[in-house]
Structures are given as structure tokens and as C-alpha cells.
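Down below is the structure, laid out as C-alpha cells.
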Amino acid sequence: MEVILLKCGELVLKGLNRRRFEDRLMQTVRRNLKPLGKYKVSSSQSMIYVEPEADAPVDEAFKICEKVFGITAIQRAAVCEKDMESILRLSGDYLSETLAKPTTFKVQARRSDKQFPLTSPQISAEVGGYLHELFPHITPKMDDPEVTVTVEIREKHAYISGEKLPGAGGMPNGSAGRGMLLLSGGIDSPVAGYMMAKRGMDLCAVHFHSPPYTSQQAKEKVLSLAEKLSVYSGRIAVFVVPFTKVQTEIRDKCDENFSTILMRRLMMRVAQIIADRQECKALVTGESLGQVASQTLESIVVTDSVCDMPVFRPLIGMDKEEIVTISRKIDAYDTSILPYEDCCTIFTPKHPQTKPRIDRVEDQESRLDVETLLAEALENIEKIVI
Amino acid sequence: MGMRSGTEAMPAIAAFGAACKYRLQHGAGDVRTLAQLRDKTVQLLMYSSVPCKINTAAGASPHIVNISPQKGRSEVYIRALEEEGIYVSGGSACSRGKRSHVLAAMKIDMRAVESSLRISFVPENVETQAEAFVKALERAYNLF
């Protein structure tokens, strides 16, 4: 029988809150594994045990657990009866593949059952000796071995595991409040969402679309990106805001070179209003310093000035390459690069303002009936829960 | 030996052969018809309310013309025309979905590349269709 062990991360440092974090973590694991089959999820001493029932699959469950935030390390373990004969036999069988290539190893033993006849060092020595005999090419090494075999004696069974793989890291879903992500169809915004979800933030998302300028496919692409994100963050409520009127008004009444910045200011205003209604305490965007005209320092300052709540820009200090690496990792890249026009590309000015001054921006903005535009946009929001 | 192994696309080759045979029989007449149609379309565009550049050079194949309206983006035009039952393409044939490197190499400026449309004709097309296309383009141009 094989089980999965999940080592809890930072949350072990949270003192009195630890129980709550652990419970939330187990809840997420249970929820994510539910479509796969029946699993018993329990915890003890900052370790979560996932035991498949009946013929629930282990490989797929492992892949799902690799994406759960709040876990630093994850390993598979074989379970057997608590006697040395079973332990030795199982370790030889279970670890034959793991120990086939490496040349150095060590055995670490732990027992929570103090009645067990051997002490931890004795267990390590016996198992170590047995494995060395069975696999003579592999020698014991105490410092920095290639493989660390872990033998754990608990209340009812013994657990033997080989490889330990890194978990997703971060903090458990829902442990850090809720934020509103501005989700375009690009590479950056899904990555920004992932990074905040990693710190435990629940996410809502807002997307602006402008039919007939933007297509149905562009909208579906965004929903598809939200789906990829939800694998890591949990459920996301996506709010699709009709933005056509705003864009045509800006085009008709304002200087072309200010169009992008005016649009962004209105987007932030709308996002903030929806965020308030959804009890989100922060906005999240994929802005990175200097990537495009609207993301110069001056532009960000001007955009920020309409916000009353914090705006988290987790990508602000990252290079495009680094962002793309994460985008690929979360399986969003191929979707992000699908070439559908989104509202940011439709009316790009020839010479966009890269260092806009707030007084000139406000002057341009005064030509618009902002209140009415906001009200109209908010009236026709479409909510889709992913 | 200058050879490489591979599996040729036999059905496609046979189909191409059949198509060539058919066209050879109707060939010369077709070229004339297409050229006339193309020229008519260009003329209608010149007199329409859509300021646009013709990217196709004189003496080019008679069945295609590539244009760049002064404003707008290919994808939006394509969809707007689609709604009226007119199907054209954007950019150039070799760059589906991406900005055409061919047009860019022709030193056409960025905005013209992004609004470019490629209209292909068959001998079965008629002048009234060219007129309908131009009218629809005028309507679509008003979006921008």
C-alpha cells in the first residue's frame, strides 16, 4: 500500500494559528483530490498523510498534491506492519528502483511509538545494512547523500520512503484574504495571479472586453487562463466588464497619446468598485516596470493615483524571461500567446505618453463623463465562476 | 545522392493534379476575369470612403490583392466582414495569426501591417460581390 506524505511549510511557524492553517490545507487537499477518488487525509506533527482508499490512484494524486500551496516537500511512502522483517523486506522491494542509479545513501529513522523494540539509530543501522547488502553499488554517506531513505514507525504502521520532491511552497489557499486580479489575456496577469495565490490569497478576476473590437475567442481565452490558475488558487469568480463605450469615448474625446493611460485609470476604478463589492482588499496586476509605455514609473504613478486600496504588482521587478518561465510552469503560456486582440491592443496610439503628467492626464480625463461611464460598465457585468 | 526518404502526400498530389487539369482547360479566360475583378475592386476602393493603401504591386498574380486601411486592425475587419458573409484574410499567407514578416520586409509601416487585409478571388466571383465587399468595408471602417 502506498501513501503520500506532505510536509507543511512556513505555516508551522504560525503558532496558535497553526491548527487553522493545517485544517485549511487539508480541506484544499481533500477538495482537489475529490474528483479522483476516495482518500483519507489526516495530519500529525506538520505532516499530512494522504491515504488512498480502495483503488484510488496514487500517481495522479501525487501530481495534484504537487500543486497545493502550503507544502514544502512531498514524498511517496510504502506502508507495512510494524516489525523489522516486514520493514526490511518492504524497503528492499519498494526502493529497488530508487536505489538503482545513485551511489550514496543514508537511512533516517523516526519513531513516534516509543514502545517499538529498536531505537531510531538501531533501525537506521539495520535497514542501512540490509539495503547495502541488497544493493552493493550503493554506499552509506552521512553528509549530503544522493538518496535519503526515511523509515517512520507510527502508531499502527511503518512507513518507508525514498525520494523527497519539492512541494509547491507558499501558503495555504485562503489564508491571506482575497484580492481582485486584473486579468487580460496576456502572459503577465495569470503569472501575477499565481504568485499572489502562492502567498495564500483567494482570487477574484476582472476582465475588460469590447465587442465588436474584441472577439468571443478572446473572452474564452481569458476564461481558459482563469481555469489554469484555479488549479493552484481554488475557485475564481471572473467578472467580465463591457468596455466598448469607454474606449470609443476616449477615442472620440481625448488626445490619442493619452488613450492607454486613461483607459487604465478607468479600469482600475472599475476593478476597485467590484473588488469592494466582493470583499477584496487589494488589486493585483501583472505590471512589470518598463515593459510597455503604460508601465513606466511615471505611468504607474498616474494609474495608482486613482486607487484607494493597495495594488500588488508581484512582477514589478521581474524580467520578461523570468515571467515566461513561470507562465510555462503553470501551463498558461500556450494559451496566453493565442493571438486574439484584447482591449489594450485595439486602439494603441502611435506615440503613447511614456512620462504622463498627472495634471495633463486629469485634464484629458475631464473631457469624459467618468461617473456615467463607470455606472454603465458596472451595470452590465457578467459573472462567471471558474 | 541528393535524395531523402519521406512519405509524399499522395492524395494531395493527385488532387492538385486534377485541379491543374481543370484549370488548364479554362485557364486563359480565368486569368483575364480575375485581373478584371481585381482591378475593379481596387478602383472601387479608391473611390470609397475608406482611405487605404494597396500593398500589392502592379504585375502581381491576378487573384489576390493586399490592402491596408488607414485605421483599424485586421482581426476586427475580418470579423465585421464575416458577419456580412464576406470572408477575407489578414496579413499575408505565410504568417497566419502573427504580424506578417513579409509585409514588414516590404517596409510597410507597423500600423499598415496591423490593419492589412488579403482579398483572394476565384473566377466564379462577380462584380456585385466586389461592390458588396467595398460597402461592407466602409461600414467596418466606421468602427475605428
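Read the figures in this text as sums done on the coordinates, not as results from a lab. Because the structure is predicted, anything quoted here is derived from the model rather than measured. Methodologically, a virtual Cβ is constructed for each residue, glycine included, from the backbone with ideal geometry; neighbour enumeration extends over all protein chains shown.
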Under a point spin-label approximation (7 Å from Cα along Cα-to-Cβ), what is the B:V102-B:M10 distance to one decimal in nm? 3.2 nm
Viscosity 1.306 mPa s, temperature 10 °C: what is the translational diffusion coefficient of segment A:178-276 from Stokes-Einstein with a Kirkwood Rh over Cα pairs, rounded to a whole number of µm²/s? 112 µm²/s
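Can I get the semi-axes of segment A:288-358's equivalent ellipsoid? Compute them from the C-alpha gyration tensor as square roots of 5 times the eigenvalues, in angstrom, largest first. If you can, show how the numbers build up before the last one.
Working: eigenvalues 115, 60, 28 Å².
Equivalent ellipsoid of segment A:288-358: 24, 17, 12 Å, largest first.
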Counting helices only, and only those DSSP H runs with n ≥ 4, report the 222 nm mean residue ellipticity of chain B as the sum of -39,500 (n - 2.57) divided by its residues, in deg cm²/dmol to the nearest 500. -17000 deg cm²/dmol
Going down the list A:K7/A:K329; A:K320/B:K71; A:K82/A:K114; A:K67/A:K281, which pairs span over 19 Å between their C-alpha atoms? A:K7/A:K329; A:K320/B:K71; A:K67/A:K281
From the alpha carbon gyration tensor of chain A, can you work out the equivalent ellipsoid semi-axes (sqrt of 5 times each eigenvalue) and give them in Å, largest to smallest? 53, 19, 17
How much space per residue, in cubic angstrom, does the convex hull of the C-alpha atoms of segment A:242-386 take up? 132 Å³
Send over the per residue convex hull volume for segment A:229-292, Cα only, as a whole number of Å³. 119 Å³
Rounded to the nearest 500 deg cm²/dmol, what is the calculated helix-only ellipticity per residue at 222 nm for chain A, with -39500 (n - 2.57) per DSSP H run of length n ≥ 4? -12000 deg cm²/dmol
Peptides A:312-323, A:230-241 ordered by average Cβ neighbours within 10 Å, highest first: A:230-241, A:312-323
Crossing angle, helix B:74-83 versus chain B [Cα axis fit, 0-90 degrees, rounded to tens]: 90 degrees
Simple spin-label estimate for A:R30 and A:R18 in nanometres, 7 Å along Cα-Cβ: 2.1 nm
Quick one: which residues, 5+ away or cross-chain, put their amide H under 5 Å from the amide H of A:V238? H built at 1.01 Å from N. A:A205, A:I384, A:V385, A:I386
Listed pairs A:K40/A:K383; A:K245/A:K350; A:K38/A:K101; A:K219/B:K40 exceeding 32 Å between Cα atoms: A:K40/A:K383; A:K38/A:K101; A:K219/B:K40
Give the aspartates and glutamates reachable from A:K198 as a straight Cα distance under 18 Å; neighbours fewer than 8 places away on the same chain don't count. A:E10, A:E22, A:D23, A:E66, A:D188, A:E227, A:E287, A:E322, A:D331
Taking the 0 to 90 degree range and rounding to the nearest ten, how far is the long axis of helix B:10-47 tilted relative to the main principal axis of chain B, both from C-alpha atoms? 20 degrees
Normalised alpha carbon radius of gyration of chain B [divisor 2.2 N^0.38 Å]: 1.20
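Contour minus end-to-end for A:S86 and A:E322, with contour as 0.36 nm per residue of separation and end-to-end as the Cα-Cα distance?
Values: separation 236, 0.36 × 236 = 84.96 nm, distance 4.76 nm.
The span from A:S86 to A:E322 would gain 80.2 nm if fully extended.
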Give me the percent relative contact order of chain B, please, defined on Cα pairs under 8 angstrom at least 6 residues apart. 28 percent
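Filter the GluC sites (Glu not before Pro) in segment A:64-109 down to the DSSP loop ones having no more than 13 other Cβ atoms within 10 Å, then list what survives. Kindly include the intermediate steps, with their values, before the conclusion.
Numbers: sites: A:E66, A:E81, A:E85, A:E97; in loops: A:E66, A:E81, A:E97.
Taking segment A:64-109 and a limit of 13 other Cβ atoms within 10 Å, the loop GluC sites (Glu not before Pro) found are A:E81, A:E97.
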Normalised per residue, the volume inside the convex hull of the alpha-carbon atoms of segment A:1-129 in Å³ amounts to 136 Å³
